[in-house]
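Only the coordinates and a few stated rules stand behind these numbers; no lab work does. Because the structure is predicted, anything quoted here is derived from the model rather than measured. In this analysis, Cβ positions are derived from the backbone assuming ideal geometry, glycine residues included, and neighbour counts consider all displayed protein chains.
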Amino acid sequence: MARESYSEDRLLFYPGAGLSPAERQRMDRYETPIQELTVDHLVYSMSRQIEANFQTFYTVAEEVVGEQAAQQIAREIGRRYGGRGYATLLAAYHRERRGEPRMMALYQDLVHAIRGPKHAAALFAEYDDTTCVVRRRQCIYFSEDNPGNGKYTEAFEAGCFEGYVAADDNLERVDVIRCRFQGADGCEQHWVFKPAEQRRPPEPSPGGPDGPQ
């Protein structure tokens, strides 16, 4: 399987990833004074807030509407969340509904790179002629502090995968090989595309980017 060339750039780093556990705990307890804040502190904190927002929603939704309805809501949020993001990237390359494994790898790498150090644990995606593979040890949609909410992580991700398939006529399915919500020590998902000869090809570009170089 292949990776994009940027995955070999050893100069790349991720703000927030280098904070020590003690420094992260200081941030979580609001013990870091404002004059000591760095970019690493800010990126770590914003990523942590994304994770906390998901967990708060799951807990409150279950208390207000019950577990079954809360799972339905989580699935629908995932469907819109995943589908819209992937469709936006395809549109940027004038490939609406006409993806391929490399396009999915580019999308996965981009969104995992911009949502914080924990999400960046999924870098980098691999791909071949029919499949894009993402592996990771950590996930911002799953909380080690609240593993009981894993059922909502499962529903959210199932919705995301539905959204991906709906956004791309060339994508057949997404296979979950293992995931944190199952109790595994990491996640692995496979985005499986139709064979190349059965895919809808991209339409001629009206201008702008023609696709990844």
**Complete:** Taking Cα atoms, the helix 150-167 axis meets the longest principal axis of the chain at an angle in degrees (rounded to 10) of 30
**Asked** If you take the alpha carbon radius of gyration of the range 21-149 and divide it by 2.2 N^0.38 Å, what ratio comes out, to two decimals?
**Response** 1.25
**Request:** Extending each Cα 7 Å along its Cβ direction at Gln25 and Lys151, get the distance between those two points in nm, one decimal.
**Result:** 3.2
**Asked** Using a simple spin-label model with points 7 Å from Cα along the Cα→Cβ vector, what separation in nm is obtained for Ile50 and Ala69?
**Response** 2.9
**Asked** Given only helices, namely DSSP H runs of n ≥ 4 each adding -39500 (n - 2.57), what is the per-residue ellipticity at 222 nm of the chain, to the nearest 500 deg cm²/dmol?
**Response** -14500 deg cm²/dmol
**Prompt:** So what is the diffusion coefficient of the range 134-209 in µm² per second by Stokes-Einstein at 4 °C and 1.567 mPa s, using a Kirkwood Rh over Cα pairs?
**Reply:** 90
**Asked** In debye to the nearest 20, how big a dipole does the chain give about its Cα centre with +1 on each Lys and Arg Cβ and -1 on each Asp and Glu Cβ?
**Response** 120
**Complete:** Using alpha carbon positions and the Kirkwood radius, the Rg to Rh ratio of the range 70-213 is 0.98
**Complete:** Quick calc, His190 & Thr59: beta-carbon distance into FRET formula, R0 22 Å, rounding 0.05, result 0.10
**Item:** Hypothetical label at Arg200: residues of the range 151-184 whose amide nitrogen lies under 18 Å (7 Å Cα-Cβ projection)
**Value:** 162-174
**Efficiency of FRET between Leu110 and Arg178 - r from beta-carbon atoms, R0 22 angstrom, step 0.05** = 0.40
